[in-house]
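The values are calculated or read from the model by the stated rules, or taken from the named source; none is laboratory data. Quick caveat, the model's predicted, so the values are computed rather than measured. With ideal geometry, Cβ positions are generated from the backbone for all residues, glycine too; neighbour counts draw on all protein chains shown. To get the accessible areas, we keep the full protein, side chains included, count just its heavy atoms, and leave off ligands, DNA and RNA. Shrake-Rupley method; radii C 1.70, N 1.55, O 1.52, S 1.80 Å.
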Amino acid sequence: MRIAPIMTALGAIVVLFLLVFQRDAVLSFAGYEAVAQTTEAEAVADALDGPDETPGTDVVAVESTAREIDAAVVLRGRTQAARKVNLLAETSGRVISDPTPAGTEVSKGDVLCRIDMGTREASRAQAEAALAQAKTELKNASALSDSGYASDTRVIAAKAGVAGAEAALATIENDIAHTSVIAPFDALLEDETTAPGNLLQPGGLCATLVDLNPIRLVGYVSEADIDRVTVGAPMGARLSSGREVTGRLSFVSRSADPQTHTFRIEAELPNDDLSIRDGQSAEMLIQSNGRKAHLVPQSVLSLDDNGALGVRVVEQRGGADVAGFVPVEMLRDSPDGVWVAGLPDSAKVIVEGQNYVTSGTRLNVIMRGSGS
């Protein structure tokens with residue numbers, strides 16, 4: 001029987017037992033007590049220093065400096081015809097003119113609805129005859145008065161007769177003139193004119209005209225922005241069709257809407273080809289005084305818990321770099337990013353890692369170049 005293998009196995013078992021179950025005793029016996037235990041002085045020092053701090057989150061930031069830029073007031077608006085008129089009848093009668101189709105361009109003076117004259121010609125002839133008779137009576141009364149055969153009262157009565165006859169004739173001639181409903185300016189017909197055979201009464205609708213050249217852009221500016229817009233300011237607009245147009249403000253209201261507390265503004269745009277229609281929605285940009293702003297990548301924009309738009313920045317708190325959140329106002333887009341207002345003149349904007357930190361998070365900041 002061989003003793004050596006058995007002794008080797010027993011020795012290995014003893015070593016494993018000591019390393020596993022008596023590790024501290026073995027280290028102490030080997031002189032490693034100073035390594036295994038913390039000295040009393042080190043323990044006191046650790047207690048004074050407090051617990052270990054949480055390691056910072058790695059982020060990349062840029063130093064951004066504000067610049068003066070031309071700002072614009074942005075709002076929603078709508079196109080509006082310069083004039084829109086309902087042409088109403090001023091006398092009664094049956095329409096005898098052919099209808100004019102909707103969309104027809106009409107000129108000032110064009111007859112849109114013609115009303116049957118009826119007995120008006122006869123009434124005018126009668127009024128003319130009455131006037132002639134009244135004038136003859138006045139002539140005779142004047143001659144008799146000059147000869148002493150008629151009183152002044154008779155002359156006065158004859159003059160009154162002439163005035164009455166002239167008024168009656170003017171009334172019938174005015175009524176005859178109103179049998180033609182005429183376009184008061186160059187315009188487009190919004191709807192087809194009244195069909196022949198229809199009976200029009202005073203106030204009855206003959207046609208609706210819209211004047212689209214020039215055309216207006218109408219919008220409403222908030223109280224916060226009203227001091228930034230002035231009459232004559234350049235403006236641009238993008239219509240709902242995608243077309244872009246430019247013009248200048250022609251009107252800024254001095255009185256706020258009582259319901260919305262906004263101020264009406266208007267701009268006039270040339271529309272020679274009448275391609276801009278009444279009632280199209282548009283996004284309006286009105287040039288205003290410059291503002292200080294930062295150019296930042298659009299990717300850095302985020303929302304806080306309340307839904308406010310802002311950016312994450314590096315702040316100093318207690319001598320350490322921590323994450324902060326600053327609400328901003330987006331002024332406009334550009335090929336290099338977005339211009340925002342609301343940041344201090346100089347700020348360290350987090351451009352990478354901002355989605356992994358919240359306000360107060362400790363940071364390990366890596367600076368990259370500089371921002372605008």
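At a glance:
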item	result
Exposure of S180 as accessible area (Å², to 10), given a probe of 1.4 Å and all protein chains	30
Between segment 301-320 and segment 200-258, the alpha-carbon center distance in angstrom	40
Probe 1.4 Å, accessible area per residue of segment 248-349, Å²	54
Degrees, to the nearest 10: 4-21 long Cα axis against longest axis of the chain	50
Highest-MSF residue in the chain out of R238, R362, R254 [GNM, Cα springs under 10 Å]	R254
Compactness of segment 75-218 - radius of gyration and Dmax, Cα, Å	23.3, 84
Two-decimal ratio, segment 172-214, of alpha-carbon radius of gyration to 2.2 N^0.38 Å	1.34
Cα-centred dipole magnitude for the chain, charges only on beta-carbon of K, R (+1) and D, E (-1), debye, nearest 20	780
Heavy-atom surface of segment 130-234, accessible at 1.4 Å and reported per residue (Å²)	53
Angle between the chain longest axis and helix 120-147 axis [Cα atoms, degrees, rounded to 10]	50
With all protein chains modelled, accessible area of E137 [1.4 Å, Å²]	100
Stokes-Einstein D (µm²/s) once Rh is taken as the Kirkwood radius of the chain over alpha-carbon pairs, at 25 °C in 0.890 mPa s	79
Mean ellipticity per residue at 222 nm, deg cm²/dmol - from DSSP H runs of n ≥ 4 across the chain, formula -39500 (n - 2.57)	-8000 deg cm²/dmol
Computed accessible area, R368, all protein chains, 1.4 angstrom probe, square angstrom	120
Angle between the chain longest axis and helix 40-49 axis [Cα atoms, degrees, rounded to 10]	0
Two-site label geometry, T358 and V74: point separation in nm, points 7 Å out along Cα→Cβ	3.0
Dimensions in Å of segment 223-360 - Rg and Dmax from alpha carbons	19.8, 67
Per-selection metrics, segment 141-274 (Cα): Rg and Dmax in Å	28.5, 87
Solvent-accessible ranking of K108, K348, K84, largest area first, probe 1.4 Å	K108, K84, K348
Selection from N198, I176, L188 lying farthest towards where the dipole of segment 150-248 points positive, charges on Cβ	L188
With every protein chain in place, the chain: carbon and sulfur % of accessible area (1.4 Å)	52
